Amino acid sequence: MAIRREPSRAQVRREQMLAAATYPLDWLEERSGLVGGVKYFLFRKVPSDTNWMQTLGSATLTAFLVQAVTGVILAMYYKPSPHDAYSSIQNITDHLTMGWLVRGMHKWGASVFIILMFLHMGRVFLFGAYKYPRELNWIIGVLLLVLGLTAGFTGYLLPWDQTAYWASVVGINLNGTAPFVGPWLAQFLRSGQEINGNTLSLFYSLHMLVIPAGIISLITLHLYLVIRLGVTSPPWSREAAGREVVEEPSTVRTGLTRPAPHGGASGGSD
Amino acid sequence: MAEEKPSGLDERRAGFARYKKDVKERGKSFFPYAMFHDTVMSLIVVSVIVGLAVIWKWTSYGPHHDGLHKGLIGPEYAPPADPGTVSFVPRPDWYFYFLFYLLRIFKWPETVFLGTIGVPTIALILLLALPFMDLRRERRPSRRPVAMVAAVLTIFSMGILTWKGATAKEALASEVIADVPSWVTQEKLPAAAIPGAKLFATAGCTACHTYLGTGSSNLGAPDLTAIGTRNLGISFQIRHLQCPSCVTPGSPMPKFASLGTARLHELAVFLESSKGKR
Ligand code: HEM
């Protein structure tokens, strides 16, 4: 039946087009290996039983990306000086086209980001996913949590309204109650004796340069470890990856309603 | 926790090797299976953020063309910062409420440091140390009673503190000033102390201090009903108000130098005349 035929014109055409379309990818792969990297990332195996709770990490990442994009746009119109800050915020929120949406998403996105970090941390705790060999990733996570809260604290001052100003006065003074370093820390945060333009500049540079750079570096490390180590299976799952399976006599486990899949489990399920 | 010894490192290594093997043999491909869930969740997150921004804009500025209007979930902005008038309640963003409320529990000067730095630092150290304290291989929540009870207690207390911080009743300047006549009669304040009393009621002092039951106690600030009995002196009071942390190292009370010496003098007279209920 199978008779080898000359490829038709259309077939030749199709193959040529395919080669032309993949050429840029081949070019990139040959020079960087990036295509292979992305393929590895996409087609790597994850445990068969991962569930919705395990989307919280990438949801946190999404919230952070929303903050990054809206933050960059806000920085184009915001003016970090006591004289102009408030009016530039008013201008963004009430006059710029879609300015309210960008500022609103940044303002509310901050809360969503922080809530998601806590929920994600809760999921990791519930799954016991901080255990060997993921201790380091838990520590990186705690640092991310601290940096996220610091970003919230420094961003709160920027609108330079009454809420912002007095919350920061009290917040900075609270840092001042620490033993030994307290007064120095408070002095540093204020950039002087009073909260003024210098404080605003300092908070602005921390909020839009230093802290985001720290968060981005830590997220990169965090995700590297997630890909290297893999995510854990839900610990209660019957087919949890790494689960220790002990052969037991089938009479012990097999009930009327639920036959045992492959013996009972004992001990840890890594 | 007690009945089981921490699993040895060799066992933990074997467990992880088993994990890697299982994932390789029985795992699913990240794309499209896991990634589909991630994408759906991310879309929900972005929609919630956009939704909040819309509600905020439409209910605050929307109906009144006034960004100061409270709306459903808060105003676009408060009035501009004014270091001179303190008739404003200092309030952090909601995720610091627990800390804010914690400070009502501790008292200046003995324990306030516990609330500001002590408890948060201990919490942070415990979080960082968690993977090194809990060395058992067991991951099932039903077999980790200590961890689960600790988690529930933590969530419960953070929730209570945040809720209390959110609903804490703050004394508004307009309400506090109505109490001034009763202060005058109860404390038998001289006429010279009345301008200072009004200033005290409106300058935000009652955000941290209580006076004859008015105001809320925050950051461990002392009750000032009978501050005059300590005879600290007018010039001390003025110096303290100008720069509390210069007089009392580490004081979290804000500086009130911007009120100007004349008004600080009025405040000092009021404080020194406050000899308690008479
Ligand atoms: C900027 C904040 C964060 C981002 C963007 C982030 C992102 C992620 C992502 C995408 C994963 C993959 C699995 C999943 O989605 O659940 C993950 C796993 C993990 N995260 Fe995070 N995370 C953040 C903060 C945290 C925090 C605050 C902690 C804990 C203190 C933490 C600890 C961990 C651990 C231990 C894993 C491995 C879990 C496992 O293998 O099952 N992360 N993170």
*Would you calculate the volume per residue, in Å³, of the smallest convex hull containing every Cα atom of chain B?*
203 Å³
*No other cysteine beta carbon under 4.7 Å away is the test; run it over the protein assembly as shown and list who passes.*
B:205, B:208
*Amide H neighbours of residue A:161 under 5 Å, counting only residues 5+ apart in sequence or on other chains, H built in-plane at 1.01 Å?*
B:81
_Probe 1.4 Å - accessible area at residue A:15, Å² to nearest ten_ = 130 Å²
*Tell me, what HN-Hα J-couplings in whole Hz come from the Karplus equation 6.51 cos²θ - 1.76 cosθ + 1.60 at θ = phi - 60° for each residue of segment A:45-62, using x for Gly and Pro?*
8, 10, x, 5, 10, 4, 10, 4, 4, 7, 8, 5, x, 6, 5, 4, 4, 4
_3J(HN,Hα) from dihedral phi, segment A:19-35, Karplus parametrisation 6.51/-1.76/1.60, rounded to Hz, x for glycine, proline_ = 4, 5, 5, 7, 3, x, 5, 4, 4, 5, 4, 4, 9, 9, x, 5, 4
*Count neighbours as other Cβ atoms within 10 Å of each site's Cβ, and list the chymotrypsin sites (Phe, Trp or Tyr not before Pro) in segment A:130-204 that are DSSP loop with at most 14 such neighbours.*
A:180
*Nonlocal amide H pairs with residue B:28, under 5 Å, H built at 1.01 Å*: A:46, A:48
*Mind listing the long-range amide H neighbours of residue A:243? Cut-off is under 5 Å, sequence gap 5 or more, other chains count too, H placed in the peptide plane at 1.01 Å from N.*
A:270
*Share of carbon and sulfur in the accessible heavy-atom surface of segment B:175-273 [1.4 Å probe, %]*: 62 percent
_chain B - mean residue ellipticity at 222 nm from DSSP helices (-39,500 (n - 2.57) per run, n ≥ 4, rounded to 500)_ = -15500 deg cm²/dmol
*Residue-wise, which Karplus ³J(HN,Hα) couplings in Hz belong to segment B:129-143, taking 6.51 cos²θ - 1.76 cosθ + 1.60, θ = phi - 60°, and x for glycine or proline?*
7, 3, x, 9, 8, 9, 9, 5, 7, 4, 10, 6, x, 5, 9
*Label-point separation (nm) for residue A:79 and residue A:181, each offset 7 Å from Cα along Cα-to-Cβ?*
3.7 nm
_Are there any residues in segment B:56-71 with a reduction of at least 20 Å² in accessible surface when going from the isolated chain to the assembly of protein chains? Probe 1.4 Å, please list them by number._
B:56, B:57, B:58, B:61
_Shape category assigned to segment A:53-233 from the gyration tensor of Cα positions, a/c cut at 1.5_ = oblate
*Using a basic spin-label model with each label point 7 Å from the Cα along Cα→Cβ, how many nm lie between residue A:4 and residue B:182?*
10.5 nm
*Estimated FRET transfer efficiency when R0 is 30 angstrom, pair residue A:135-residue A:238 (beta carbons, to 0.05)*: 0.65
*asked:* With a 1.4 Å probe and all protein chains kept in place, how do B:137, A:228 rank by accessible area, largest first?
replied: A:228, B:137
*Protein heavy-atom accessible area occluded, A/B pair - total, 1.4 Å probe, Å²*: 8400 Å²
*Going out from 0 in 10 Å bins, what whole percent of all Cα-Cα distances in the protein assembly as shown drops into each bin?*
3, 14, 21, 20, 16, 12, 7, 4, 2, 1, 0, 0
*In square angstrom, rounded to the nearest 10, how much accessible surface does residue A:226 have for a 1.4 Å probe?*
40 Å²
*Take the Cβ-Cβ distance between residue A:23 and residue B:40 as r, set R0 to 60 Å, and report the resulting FRET efficiency rounded to the nearest 0.05.*
0.95
*Rounded to the nearest 500, what is the 222 nm mean residue ellipticity of chain A from helices alone, with -39500 (n - 2.57) per DSSP H run of 4+ residues and division by all residues?*
-21000 deg cm²/dmol
*How would B:25, B:76, A:239 line up by accessible area, probe 1.4 Å, largest first?*
B:25, A:239, B:76
*Taking a threshold of 30 Å on the Cα-Cα distance, which of the pairs A:39/A:107; B:255/B:277; A:39/B:21; A:107/B:20; B:164/B:275 fall above it?*
A:39/A:107; A:107/B:20; B:164/B:275
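The values are calculated or read from the model by the stated rules, or taken from the named source; none is laboratory data. These figures come from a predicted structure and were not determined experimentally. No Cβ is skipped: glycine too gets one built from the backbone with ideal geometry, and neighbour counts run over all protein chains shown. Side chains included, ligands, DNA and RNA excluded: accessible areas come from the protein's heavy atoms. Shrake-Rupley method; radii C 1.70, N 1.55, O 1.52, S 1.80 Å.
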